[in-house]
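The values are calculated or read from the model by the stated rules, or taken from the named source; none is laboratory data. Since the model is a prediction, treat every value here as computed from it, not as a measurement. Every residue, glycine as well, gets a Cβ built from its backbone with ideal geometry; the counts of neighbours run over all protein chains shown.
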Amino acid sequence: MSTLHESSDFALASEKAETLIESLPWLRRFRDRIIVVKFGGNAMVSPELQAAFAADMVYLRTVGLKPVVVHGGGPQISAMLTKFGIESEFRGGYRVTNTEAIDVVRMVLAGQISRELVGLINQSGAGLAAAVSGEDAGLFQGRRRGVVVDGEEVDLGHVGDIVHVDPSVVFAHLDAGRIPVVSSLAPDMDHPGHSLNVNADAAAAALAVALQAEKLVVLTDVPGLYSDWPNRDSLVSSISATELRELLPKLESGMIPKMTACLDAVDGGVSRAAIIDGRQPHSILLEIFTTHGIGTEVVPA
């Protein structure tokens, strides 16, 4: 048996014990509840952050929560399109996705990122994860969307919004004790046989609502929502849905889809939604299991 001789060692051990005790109310609250996590940003491209994220998902499942991961893959899609010599054009913040490009999108999302993430989680948790495409078993149904640029409607090709969710396949994996890893693709309900590239933030929100999740957590590359960017003293720790709805039009364009996803989730019945800094290892655990959390939490009005 080892003995803690040094006071610094004892202090460190005591701090760890206090952290475990602090997590107890949150373990009770979230046990057997569904947590939807949108995986993206730097956490998706850094091997160290990928490994930390995978370990977090296994931890959540091991202590009795039911995590569901939803991911996109913008940087990986851009890199693969470049590799194949396919031009990548953005209009109004959306990637114009022609028939050639959507095949690459599907290959990257369902064939590369999902499989890699499932592999990482399974390395940490003995086969807990399972890949699910938004096209599997009727999970998502989508409809094409355009975008208005300079007053004119622009055709984005195979880009759409989710209009229907059947979460049965996700529930089946959860009931079997697995961690579903969902890629943000959707069948085009108006054009059978075609697929749509869907914003992963929106997909995560739609799935969280359909699953009646306890919480939606969106990983970003910033510490949270700033009410008066770039004033770093304006970081918001908590905001009501009503306040966010008023603030939304004033936000930076890159933050709007993420905060819209949080708002849609809370409006749809999800108890809480949060954006957190995915550049910080284990930020998900800090958000869920500590009193002060991390990032910005959106609560019902």
Considering region 59-69, residues that are of a type in the set (A, V, I, L, M) and out of contact with any Pro (no Cβ under 9 Å at 6 or more places or on another chain), and then whichever is farthest from A176 (Cα to Cα), we arrive at V63
What pairs can you find where one residue is in region 107-120 and touching a residue at least 60 places away in the same chain (Cβ under 8 Å), the other is in a helix (DSSP H, G or I) and small (G, A, S), and their Cβ atoms are less than 6 Å apart, with a gap of 6+ or different chains?
-> L120/A54
Go through region 48-74 and count every residue that is farther than 17 Å from W26 by Cβ, part of a helix (DSSP H, G or I) and at pLDDT 90 or above.
-> 9
The number of residues in region 190-241 that are β-branched (V, I, T) and either in contact with a Leu (Cβ under 6 Å, 6 or more places away or on another chain) or part of a helix (DSSP H, G or I) (or both) is 2
What about T260, is it among the hydroxyl-bearing types (S, T, Y) and more than 28 Å from D32 (Cβ to Cβ)?
-> yes
May I ask you to list the residues in region 205-230 that are small (G, A, S), in contact (Cβ under 8 Å) with a residue 24 or more places away in the chain and surrounded by fewer than 24 Cβ atoms within 10 Å (Cβ to Cβ)?
-> A210, G224
In region 75-93, how many residues are charged (D, E, K, R) and either surrounded by 18 or more Cβ atoms within 10 Å (Cβ to Cβ) or outside any strand (DSSP E or B) (or both)?
-> 2
Which one is surrounded by the fewest Cβ atoms within 10 Å (Cβ to Cβ) among residues in region 147-181 that are touching an Asp or Glu at 6+ places or on another chain (Cβ under 9 Å) and under 21 Å from V104 (Cβ atoms)?
-> V147
Single residue of region 261-278 satisfying the filter (surrounded by 24 or more Cβ atoms within 10 Å (Cβ to Cβ) and farther than 14 Å from V299 by Cβ) that is modelled with the lowest pLDDT | G278
Count - residues of region 18-72 that are under 22 Å from P167 (Cβ atoms), free of Cβ contacts under 8 Å to residues at least 60 places away in the same chain and β-branched (V, I, T) | 0
Using the structure shown, decide if V96 is outside any helix (DSSP H, G or I), over 21 Å from A205 (Cβ atoms) and more than 18 Å from the chain's Cα centre (by Cα).
-> yes
So E15 clears everything in (1) modelled with pLDDT of 85 or more; (2) surrounded by fewer than 13 Cβ atoms within 10 Å (Cβ to Cβ); (3) acidic (D, E) except one condition, right? Which one?
-> (1)
Is it true that L248 is crowded, with 17+ Cβ neighbours inside 10 Å and not acidic (D, E)?
-> no
Please indicate, with yes or no, whether at least one residue in region 108-116 is within 18 Å of the chain's Cα centre (by Cα), over 30 Å from E48 (Cβ atoms) and surrounded by fewer than 19 Cβ atoms within 10 Å (Cβ to Cβ).
-> no
Please specify each residue of region 255-273 satisfying the condition of being in contact with a strand residue (DSSP E or B) (Cβ under 9 Å, 6 or more places away or on another chain) and part of a loop (DSSP other than H, G, I, E, B).
-> M255, V270, S271
Breaking point among (1) more than 13 Å from the chain's Cα centre (by Cα); (2) surrounded by fewer than 24 Cβ atoms within 10 Å (Cβ to Cβ), for A202 | (1)
Could you identify the single residue in P187, P192 that is surrounded by fewer than 23 Cβ atoms within 10 Å (Cβ to Cβ) and at pLDDT 95 or above?
-> P187
